[in-house]
Amino acid sequence: MIDQDLQHLRALSICHYVMAGLSALFSSFFLIYLVLGIMFVASPSTMSGGSGPPPPAFMGWIFIMIAVGAILIGWTYAVLILVAGRFLAQRKHHLFCLIMAGVSCAVNVPIGTVLGVFTLIVLLRPSVKELFQANY
């Protein structure tokens, strides 16, 4: 049973690393909106299309704020999932891993939900709890 628990924790750790990479990649798409916002603010005449007045500067600032917020939230989530994967591999910080499994269920539907549910199932086993307690 211990070998099976270790294999499950190893597999979950790898899946967390993959999820962290995917989350960082997808939240990086907001860099496009950041560049557009900077272009709105820095050079509004290039954004007018040549046939009308340029867009107001506040539109650029809205793009910038939304993009920066989305990037920060996405990259923070990716780092936290990466750390949870590392803790799963080390069998440390059981509560943190449980919390991140719950967050993953809600944030990245449907892949994160599957990962979170499987992580919760494995982490709530008494034998896995003992593995985590043995590393303190």
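The values are calculated or read from the model by the stated rules, or taken from the named source; none is laboratory data. These numbers come from a predicted model, not from an experiment. Neighbour counts run over all protein chains shown; Cβ positions are idealised from the backbone, glycine included. Accessible surface areas use protein heavy atoms only, side chains included; no ligands, DNA or RNA. Shrake-Rupley method; radii C 1.70, N 1.55, O 1.52, S 1.80 Å.
Select, from 28, 104, the only residue that is crowded, with 17+ Cβ neighbours inside 10 Å, among the polar types (S, T, N, Q) and part of a helix (DSSP H, G or I).
104
For the stretch 45-67, a residue qualifies if it is polar (S, T, N, Q) and either assigned to a helix (DSSP H, G or I) or modelled with pLDDT of 80 or more (or both), and the qualifying residues are 45, 46. When residue 75 is tested against (1) in a helix (DSSP H, G or I); (2) open to solvent by 60 Å² or more (accessible area, probe 1.4 Å); (3) over 28 Å from residue 14 (Cα atoms), only condition (3) is not met. Can you tell me which residues in the stretch 50-71 are exposed (fewer than 14 other Cβ atoms within 10 Å of the Cβ), farther than 23 Å from residue 21 by Cα and of a type in the set (Gly, Ala, Ser)? The answer is 50, 51, 52, 57.
Among the residues of the stretch 108-130, those that are among the aliphatic types (A, V, I, L, M) and in contact (Cβ under 8 Å) with a residue 60 or more places away in the chain comprise 111, 115, 122, 128. Quick one: is residue 13 in contact (Cβ under 8 Å) with a residue 60 or more places away in the chain and surrounded by 16 or more Cβ atoms within 10 Å (Cβ to Cβ)? The answer is yes for residue 13.
For the stretch 107-120, which positions are closer than 19 Å to residue 17 by Cβ and either among the hydrophobic types (A, V, I, L, M, F, W, C) or in a helix (DSSP H, G or I) (or both)? Correct list: 107, 111, 112, 113, 114, 115, 116, 117, 118, 119, 120.
Filtering the stretch 107-123 to residues that are open to solvent by 30 Å² or more (accessible area, probe 1.4 Å) and in contact with a helix residue (DSSP H, G or I) (Cβ under 8 Å, 6 or more places away or on another chain) leaves 107, 108, 111, 113, 117, 118, 120. Condition check for residue 128 on (1) in a helix (DSSP H, G or I); (2) open to solvent by 30 Å² or more (accessible area, probe 1.4 Å); (3) within 26 Å of residue 5 (Cβ to Cβ): one failure, at (2). Selection of the stretch 1-31 for residues being of a type outside the set (A, V, I, L, M, F, W, C), in contact with a helix residue (DSSP H, G or I) (Cβ under 8 Å, 6 or more places away or on another chain) and over 20 Å from residue 79 (Cβ atoms) yields 5, 8, 10.
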